[in-house]
Each structure stands twice: as C-alpha cells, then as structure tokens.
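Presented below is the structure to which this report refers.
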Amino acid sequence: EEYADVIKNMPPLPRINSSGYAIGEVRRKDGSMDLTPLIVGSQGTLALISEIVLTTEPYNPEITALTAGFATRAAALDAVKELREMGDGPAVVDFIDKHLLEHVSRINPQLLKDVVETPLPEMLLYVEFDDDSTRQQKRLAKKARKIIEKYNGYLALASEEHDIDRLKAVRDSAATMWSHVEGTSRSLPIIDDAVVPIDQLHSLLAGIDEMMQRN
C-alpha cells in the first residue's frame with residue numbers, strides 16, 4: 001500500500017518470467033490482494049509455505065498441432081501477434097529459424113521430409129492447441145490457418161499422434177545441433193534461453209543476428 005503508485009506503474013511482465021519478485025501481480029483487477037505470486041516467485045526468501053491446497057485442471061491427452069513456414073521473419077512475427085490475440089489462443093507457439101533448418105537439412109534431412117517445404121522458410125512456427133474439447137481444437141486450428149494464410153504462410157496440420165510426433169521432432173530439432181560432432185569440434189553442452197515481451201522479440205533476434213555476424 002505504501003508503494004501503490006510505484007507498483008501500479010511497473011511495466012507488465014512477459015507471460016513467462018522466472019526472475020525477480022512478481023510485485024505487480026499481487027493486486028488483482030478487483031482491488032483485492034493475492035500474495036501467492038509473490039511468495040511463489042520469491043523462492044523462500046520472503047516466507048515459507050507450511051500448508052497448501054491444490055486444485056485440479058482438466059487434461060486432454062489429444063492435441064491438434066500445426067507448423068507454418070514464412071518467407072520473412074516480419075510476416076511470422078505478425079502472425080504470432082494475431083495468434084496470441086485469438087480468444088482462446090494456442091497453448092504453445094514455438095519457432096525455428098532458417099539457420100537451424102539449414103543445419104538440420106544438412107545433417108538429418110529425413111527429419112524435415114514431407115513436413116518442411118523447400119526452399120526453406122525464413123522462420124517456421126510450431127503451434128499447438130490442447131483444449132478440453134477436440135472439436136474446439138479443430139475450430140481454433142481453422143482460425144489459426146486463416147491467420148497464417150493471411151501472411152502467405154504454408155502449413156502442415158496434424159491431429160493423429162504419429163503426425164504430431166513428426167511436427168514435434170522438427171520443433172525439437174535444435175537438439176541435433178547440441179549433439180552433433182564434426183571432426184574434433186563439438187558444441188558446448190549448454191541449454192539456455194531468453195524471455196522478452198513479444199513486442200521486443202524482433203529487436204532480440206536482430207541483436208542476435210548482428211552478434212553472430214560479428215563473430
């Protein structure tokens with residue numbers, strides 16, 4: 001309450017955030033206070049939890065997934081923005097850029113066969129819907145398809161487990177880079193990532209491109 005104005009003016013956190021205290025999420029929209037985000041995020045530095053009550057969420061093991069390739073990075077990011085604005089947006093949106101696709105195509109071309117068209121796209125999206133109703137998944141996938149086609153993206157849609165596994169394998173293809181060996185050169189066994197607000201993603205990628213070119 002003492003720093004209410006400061007908290008109110010804090011910039012919003014990205015959807016995925018695993019650092020710092022989530023002070024801005026303590027006050028709910030109706031004005032009530034909920035300390036859960038603060039206590040959970042502080043990892044024991046502010047308080048200890050002695051008792052907890054859990055609720056359950058429905059789980060549907062059947063999902064609908066699609067991949068979409070785009071000729072330009074800008075088109076892919078515009079599509080992502082619209083996908084996120086859908087009423088019931090995707091559960092997952094991941095991307096793979098052309099550099100990684102070229103690497104995979106060189107060392108394991110079978111992974112991309114019949115999933116990724118040539119010439120390779122500048123950016124490939126992996127989109128997943130996991131709503132309780134499979135029928136709802138299909139409806140949302142249809143809406144996603146229209147968004148993707150609006151930005152001239154081509155797509156592969158899957159609802160059968162085997163086909164979904166193939167799309168996921170392309171999504172997870174970065175693993176081929178971590179484990180690949182050429183001569184005496186070996187990639188460092190490091191897995192890391194970065195999280196930024198979606199409107200800053202283009203700046204992040206541009207900065208990474210510049211760093212890679214420089215080195």
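The values are calculated or read from the model by the stated rules, or taken from the named source; none is laboratory data. Just so you know, these numbers come straight off a predicted model, no measurement behind them. Don't worry about glycine lacking a Cβ; one is built from the backbone with ideal geometry, like all the others, and counts go over all protein chains shown. For the accessible areas, the whole protein counts, side chains as well, though only heavy atoms, and no ligand, DNA or RNA atoms are used. Shrake-Rupley method; radii C 1.70, N 1.55, O 1.52, S 1.80 Å.
Values for this structure:
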| quantity | calculated |
| --- | --- |
| Number of the condition not met by residue 48 [criteria: (1) free of Cβ contacts under 8 Å to residues at least 40 places away in the same chain; (2) under 27 Å from the mean Cα position of the chain (by Cα)] | (2) |
| Condition check for residue 174: open to solvent by less than 50 Å² (accessible area, probe 1.4 Å), in contact (Cβ under 8 Å) with a residue 12 or more places away in the chain, touching a helix residue (DSSP H, G or I) at 6+ places or on another chain (Cβ under 9 Å) and farther than 16 Å from residue 92 by Cα | yes |
| Scan of region 135-153 for residues that are within 18 Å of residue 117 (Cβ to Cβ), surrounded by 15 or more Cβ atoms within 10 Å (Cβ to Cβ), in contact with a Phe, Trp or Tyr (Cβ under 9 Å, 6 or more places away or on another chain) and not hydrophobic (A, V, I, L, M, F, W, C), ordered by number | 151, 153 |
| Condition met for residue 159 (over 23 Å from residue 70 (Cβ atoms) and of a type outside the set (Val, Ile, Thr)) | no |
| Filter pass, residue 37 being within 30 Å of residue 137 (Cα to Cα), out of contact with any Lys or Arg (no Cβ under 9 Å at 6 or more places or on another chain) and assigned to a helix (DSSP H, G or I) | yes |
| Close pairs (9 angstrom Cβ cut-off, 6 or more residues apart or separate chains): under 15 Å from residue 90 (Cβ atoms) in region 139-156, of a type in the set (Gly, Ala, Ser) and part of a helix (DSSP H, G or I) anywhere | 144/79; 147/79; 148/79; 153/75; 153/76; 153/79; 155/144 |
| Any hit, region 67-85, residues being of a type outside the set (Ser, Thr, Tyr), open to solvent by less than 40 Å² (accessible area, probe 1.4 Å), over 30 Å from residue 158 (Cβ atoms) and not in a loop (DSSP other than H, G, I, E, B) | no |
| Hey, residue 124 within 19 Å of residue 86 (Cβ to Cβ), open to solvent by less than 50 Å² (accessible area, probe 1.4 Å) and among the aliphatic types (A, V, I, L, M) or not | no |
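Residue-by-condition table, conditions (1) in contact with an Asp or Glu (Cβ under 9 Å, 6 or more places away or on another chain); (2) open to solvent by less than 100 Å² (accessible area, probe 1.4 Å); (3) among the β-branched types (Val, Ile, Thr):
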| position | (1), (2), (3) |
| --- | --- |
| 3 | no, no, no |
| 23 | no, yes, yes |
| 29 | no, no, no |
| 42 | no, yes, no |
| 51 | no, no, no |
| 54 | no, no, no |
| 62 | yes, no, no |
